[in-house]
1. Equivalent ellipsoid semi-axes for the chain, as square roots of 5 times the alpha carbon gyration tensor eigenvalues: give them largest first, rounded to whole Å.
2. Using only the alpha-carbon atoms, how far is helix 95-109 inclined from the longest principal axis of the chain? Give it as 0 to 90 degrees, nearest 10.
3. How would you order 48-54, 211-217 from highest to lowest mean count of nearby Cβ atoms within 10 Å?
4. Among the DSSP beta bridges whose two residues both lie in region 2-251, what percent are antiparallel, rounded to the nearest 5?
5. Provide the FRET efficiency to the nearest 0.05 for the residue 161-residue 121 pair, computing r from the beta carbons and using R0 = 30 Å.
6. For region 2-251, calculate the relative contact order in percent as a whole number, restricting contacts to Cα pairs under 8 Å that are 6 or more residues apart.
7. Using a Förster distance of 45 Å, how high is the FRET efficiency between residue 178 and residue 70, based on the Cβ-Cβ distance and rounded to 0.05?
8. How much length is gained if the chain between residue 240 and residue 62 is pulled fully straight, taking 0.36 nm per residue apart and subtracting their Cα-Cα distance, in nm to one decimal?
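Values quoted throughout were computed directly from the atomic coordinates according to the rules given, and no laboratory measurement underlies them. On a predicted model such as this, the values are computed, not experimentally measured, just so you know. Cβ: placed from backbone, ideal geometry, glycine included. Neighbour counts: every protein chain shown.
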Ligand SMILES: [Zn+2]
Ligand SMILES: [Zn+2]
């Protein structure tokens with residue numbers, strides 16, 4: 001399991017790109033969210049749109065979906081030796097979000113005789129069910145209303161060879177989402193949205209530390225954080241959590 005953080009910043013980041021990841025699972029590449037900075041962050045990390053096997057979309061904020069349309073179009077309009085070889089984009093999305101995402105994409109893709117289905121294949125694990133990516137199991141959990149009231153969102157758990165990671169995506173109300181129910185003795189990492197300042201849509205460091213039992217703190221990988229993260233070095237060290245850094249590859 002090799003994880004490349006393409007970006008680690010919040011929605012308004014100027015320096016750290018949007019919180020999007022490449023997870024290499026065996027031979028498969030999973031892109032976790034596709035924000036507007038993807039067009040730059042992907043190439044800077046050494047990847048191309050055509051490398052991606054699956055893209056997972058957690059929710060419809062622009063730092064998670066703003067770069068998806070370009071990716072879909074560039075894959076579709078893929079040419080080899082002057083010949084059009086369209087690549088359909090496989091999008092993993094929670095059942096609750098699939099209609100909204102399809103509608104969003106159809107506004108720009110349904111024209112000139114084309115429809116969303118020509119460009120994309122929606123992969124929807126049913127009833128919070130699981131699917132295989134390579135030899136790993138990918139399962140979604142619903143976090144609707146727990147990032148922002150009224151917003152559909154999800155996180156996921158990825159399990160392989162007796163280990164797993166939990167990825168919260170954007171979240172504020174950890175207790176209501178019952179994230180801890182996803183964590184077990186085989187969990188090697190909790191990729192957790194962490195804000196260092198008061199925030200109505202993202203868990204603050206204090207909220208994260210008080211939610212998770214202290215023995216889990218060293219397994220927390222803080223992401224989606226403020227650009228001035230350097231001002232919080234001491235707090236982070238004291239907290240004994242890990243900080244995900246852009247392009248700093250993590251392997252399990
Ligand atoms: Zn976000
Ligand atoms: Zn968000």
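1. Values: eigenvalues 177, 70, 65 Å².
Square roots of five times the eigenvalues give 30, 19, 18 Å.
2. Result, in degrees: 50.
3. 48-54, 211-217
4. Working: 28 of 50 bridges.
The antiparallel proportion sits near 55 percent.
5. Numbers: r = 27 Å, r/R0 = 0.91.
FRET efficiency, residue 161 to residue 121: 0.65.
6. Details: 520 pairs, mean separation 44.3, N = 250.
Over region 2-251, the number comes to 18 percent.
7. Details: r = 35 Å, r/R0 = 0.79.
Using R0 = 45 Å, I get an efficiency of 0.80.
8. Values: separation 178, 0.36 × 178 = 64.08 nm, distance 3.09 nm.
Here the segment from residue 240 to residue 62 would lengthen by 61.0 nm.
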